[in-house]
Amino acid sequence: LPNGDLKKDTSLDIVITNNLDNSISIYWGFGNGSFSNETSYSAGIWPTSVVLSDFNNDTLLDIVVASVSSYYISVLIGKGNNTFANEVTYYGGWNLYSLSVGDCNKDGIIDIFVADSYYSGVSVLLGLGDGSFKYQTWFAVGNKPTSIAVGDFNEDNNLDIVVGNSGNSTISVHLGFGNGSFSTGITRSTGTSTTSINVVDLNKDKRLDIVITNFADNIMSIFLGLGNGSFFDRVKYSTGSNPMSTVITDFNNDSRLDILLVVNGASQMHIYLGSINEAFVKKMSLTTGNGSQPKSLIIGDINNDEHLDIVVANSGTNTIGVFLGYGNLSFTKQMLYSSDYSPQSLAMGDFNNDNLMDITTANYNNDNIDIYFGYGNGTFYLNNITLETGSQTKPYAIAVGMFNNDTFLDIIVVNYGSNNVGIFLGYGDGSFMDMKVFAIGYGSLPFSILPGHFNNDQMLDFVVANEGTDNLKIFLQTC
């Protein structure tokens, strides 16, 4: 979801691609948690990839869009008055899945690189500095490129390109000459169906490395850079079924990057710990059980030992799993607590004012939420309490906050089946008032919620994401 300050008022704006009506939508931020109604612009046929950058050096962000069912990319130049010029199209090939930007000819002007999947190449469009582009070159890569990224892989201060080629299960690295042209490329084999590609210095040697996930082969591949445009042999890591995405950061505070990998078809999460000399020396998996189908997780200190613990909602086995952390990225075996049918979402807080952490879950198939009161040692009462959300409400996501400023935590839940939000106001003793309902609209299908102070009035508001109506709704407290 591309975002940036498009109108230079220090407020964040949002850009969304609309595949079905061949447009992009811009939501202008007001800086108080609210946004304007959408402003739409035509942008190719089936737009899929958006990048924001300044193409005409006027310090205003512009937009470039790649479209799968089109021969052209669309460039929209920002005017600085909450509007953009109509799209100007430039030929890029066909089936344009992805694009990237950077200065490849060292003239201080941003250029555009387009992954041309149908013709198996990359199109380079050089910026002229006034927001327009000229078609510089096209060069062949592997079969059906669907992802592209840039970086300086041989440390010559020229921009290079790496492409993920889905058709022949390779990546190709093309070194830049600094004049807008690129080498024929170094090809390395990968797994099939690349779902993500990242460029980052994993091992702190000041050389860029490449990380790839392969959906069909169930592997993650890492290519450590030598700093001369070539790479060590691929290091493969088994991921479990269908790796989808990665988060790269330092999880254990050793100043080395680690990888958290999410897999679509297995009941596991993987954490790979970084090493100064190798890519990763340890993979730690937390097993949630056969058929558990974990849907969501939360992190917090539930046994008061100042170490982070993990709680997971296992929708397939109707359980809540607790992993207590030792503070060194190792955890206890999963402790299980029975829940109602199909827990989808979790939240934690102290609901009975005993200074001990409690847990609440939204149970999709049982039309209720459960509350588990903590003992403070990482375990919970076996007899949880249940709050009903109503027949066929299908509660999907849950959060906590103080919505009536009485210092007692309340619970808020989005009901996917009944297109509304419910708030249970807490009494501070572990009991709650009946649910207060806020309608969202027919067919909205709300599935996510986030509380926050959106207008700085000290009263807690919330925003809801709606799958059915393709929008966000912000609810501001008025009293």
* **Scan of the range 429-479 for residues that are surrounded by fewer than 14 Cβ atoms within 10 Å (Cβ to Cβ) and either outside the structural domain of I369 (by TED's automatic domain parsing) or part of a loop (DSSP other than H, G, I, E, B) (or both), ordered by number** => D429, S431, M433, D434, Y442, G443, N456, D457, Q458, T478, C479
* **Sole exception among (1) assigned by TED's automatic domain parsing to the domain that holds R188; (2) at pLDDT below 90; (3) under 25 Å from L20 (Cα atoms) for G93, by number** => (2)
* Please indicate, with yes or no, whether at least one residue in the range 170-180 is at pLDDT below 95, in the same structural domain as I112 (by TED's automatic domain parsing) and farther than 27 Å from K106 by Cα. => yes
* Return a yes/no flag: does the range 161-176 have any residue that is surrounded by fewer than 21 Cβ atoms within 10 Å (Cβ to Cβ) and more than 21 Å from I212 (Cβ to Cβ). => no
* To do: Would you point out which residue out of S100, S42, S53, S36 is hydroxyl-bearing (S, T, Y), under 23 Å from the mean Cα position of the chain (by Cα) and not assigned by TED's automatic domain parsing to the domain that holds G129?
  => S53
* Structure fact -> Flagged pairs (Cβ under 6 angstrom, 6 or more apart or on separate chains; first in the range 70-89, within 16 Å of T17 (Cα to Cα); second in a loop (DSSP other than H, G, I, E, B) and modelled with pLDDT of 90 or more) are S70/I45; I73/G92; S74/E87; L76/E87
* Breaking point among (1) touching a Ser or Thr at 6+ places or on another chain (Cβ under 8 Å); (2) closer than 23 Å to W138 by Cα, for S221 -> (2)
* Structure fact -> Expected output for the range 440-452 (first residue closer than 10 Å to K473 by Cα, partner in a loop (DSSP other than H, G, I, E, B) and of a type in the set (A, V, I, L, M, F, W, C), Cβ below 9 Å, 6+ apart or cross-chain) is P446/I440
* **Residue list for the range 367-384, filter: touching a Ser or Thr at 6+ places or on another chain (Cβ under 9 Å) and assigned to a loop (DSSP other than H, G, I, E, B)** => D367, G378, L382, N384
* Residue among G291, G316 that is modelled with pLDDT of 90 or more and within 19 Å of N363 (Cα to Cα) -> G316
* Asked: Among the residues of the range 193-233, which ones are acidic (D, E) and either in a loop (DSSP other than H, G, I, E, B) or at pLDDT below 90 (or both)?
  -> D201, D205, D217, D233
* **Scope the range 372-399; condition more than 14 Å from T360 (Cβ to Cβ) and of a type in the set (A, V, I, L, M); matching residues** => L382
* Asked: Out of (1) more than 15 Å from V173 (Cα to Cα); (2) free of Cβ contacts under 8 Å to residues at least 40 places away in the same chain; (3) crowded, with 20+ Cβ neighbours inside 10 Å, the odd one out for G121 is which?
  -> (1)
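Rundown of residues vs (1) in a strand (DSSP E or B); (2) more than 24 Å from the chain's Cα centre (by Cα), yes/no style:
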site	(1), (2)
D305	no, yes
Y337	yes, yes
S345	yes, no
N353	no, yes
* When the range 350-365 is examined, which residues are found to be over 13 Å from S431 (Cα atoms) and surrounded by 20 or more Cβ atoms within 10 Å (Cβ to Cβ)? -> M357, I359, T361, A362, N363, Y364
* To do: Could you tell me whether the range 420-432 includes any residue that is among the acidic types (D, E) and modelled with pLDDT of 95 or more?
  => no
* Return yes when L20 is surrounded by fewer than 16 Cβ atoms within 10 Å (Cβ to Cβ), under 24 Å from the mean Cα position of the chain (by Cα) and in a loop (DSSP other than H, G, I, E, B) and no when it is not. => yes
* Asked: S25 passes all but one of (1) under 30 Å from F475 (Cβ atoms); (2) over 20 Å from the mean Cα position of the chain (by Cα); which number fails?
  -> (2)
* Asked: For the range 375-394, what are the residues that are surrounded by fewer than 19 Cβ atoms within 10 Å (Cβ to Cβ) and over 15 Å from N415 (Cβ atoms)?
  -> Y375, G376, N377, T379, Y381, L382, N383, I385, T386
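The values are calculated or read from the model by the stated rules, or taken from the named source; none is laboratory data. These numbers were taken from a predicted model, which means no experiment stands behind them. Quick reminder, even Gly has a Cβ in these numbers, built from the backbone with ideal geometry, and neighbours come from all protein chains shown.
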